[in-house]
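The values are calculated or read from the model by the stated rules, or taken from the named source; none is laboratory data. Source: prediction; values computed, not measured. All Cβ positions, glycine included, derive from the backbone under ideal geometry; neighbour counts span all protein chains shown. Remember, those area values only see protein heavy atoms, side chains included, never the ligands or the DNA or RNA. Shrake-Rupley method; radii C 1.70, N 1.55, O 1.52, S 1.80 Å.
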Amino acid sequence: MTIVTAITGRKDTLKEDFDFSKGRFVAFTDAKSEKWETFTPCDLFTDPVRNAKIHKVLIHKYIKDDISIWIDGNVSFNIPADVLVDEFLQDADIFFFTHAWRNCVYKEAYAAKGSEKYPHMIDYQVEKYKFDGFPDEFGLWEGGFVIRMHNERTEKFNNEWWTEICTGSRRDQLAIPYVLWKNPDLKVKSHISNVREHPYFYYKEHLYCVS
């Protein structure tokens, strides 16, 4: 089991208030740490968010393990990682927390456009989803904490998720539901809480918002 994060563009500092008792902890960042194994992050993109996000989405290309836990750079957890796997993932392929406020991609797209540098990319993305028949109120999931069983189903999901990030906006909440809808055989677990409120997690606002 490997716990993974990535920090680029000074968006966050590497957190060390985890329970490090179980698992391998890997960070893609320029920071140094005595508790994390650190590796140079991707620098293929002019967008630092995508440079971090590629490690999240295509995690199977960077981590060779049966199970991975992704956690965004502004979140940490206070229990052993195997407890998270046993409680949240169980026998599923992938686990997400549900979105804290909405359950519809189209409503999320409308809310996101106000803070998006390139809102036309969101328009393009949701128009494509409408054309494909993606339904209203399908559900909405957060991408800041993800547990995955590394297998063919999750690898296919990861690759399609990355396609959406590269061809549309970089917002996980828009891409994840659509790709889940396209992959009905993927065994998904979710939880109605979120990392801002769940007692297992510490959540902090990002230090720096990369537009």
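Quick notes
- Of all the residues in the stretch 13-32, those that are farther than 20 Å from residue 79 by Cα, of a type outside the set (A, V, I, L, M) and open to solvent by 20 Å² or more (accessible area, probe 1.4 Å) number 3.
- Residue in the stretch 168-185 that is nearest to residue 74 (Cα to Cα), counting only those that are open to solvent by 50 Å² or more (accessible area, probe 1.4 Å) and in a loop (DSSP other than H, G, I, E, B): 171
- Filter result for residue 193 (out of contact with any helix residue (DSSP H, G or I) (no Cβ under 8 Å at 6 or more places or on another chain), among the polar types (S, T, N, Q), under 25 Å from residue 136 (Cβ atoms) and modelled with pLDDT under 90): yes
- Test: residue in the stretch 156-167 that is open to solvent by 10 Å² or more (accessible area, probe 1.4 Å) and in a loop (DSSP other than H, G, I, E, B): no
- Residue match in the stretch 135-145 (condition: closer than 26 Å to residue 73 by Cα, acidic (Asp, Glu), surrounded by 15 or more Cβ atoms within 10 Å (Cβ to Cβ) and within 14 Å of the chain's Cα centre (by Cα)): yes
- Selection status of residue 39, open to solvent by less than 30 Å² (accessible area, probe 1.4 Å), touching a residue at least 12 places away in the same chain (Cβ under 8 Å) and aromatic (Phe, Trp, Tyr): no
- Here residue 100 meets the list (1) surrounded by fewer than 15 Cβ atoms within 10 Å (Cβ to Cβ); (2) in contact with a strand residue (DSSP E or B) (Cβ under 9 Å, 6 or more places away or on another chain); (3) farther than 23 Å from residue 170 by Cα almost entirely, failing just condition (3).
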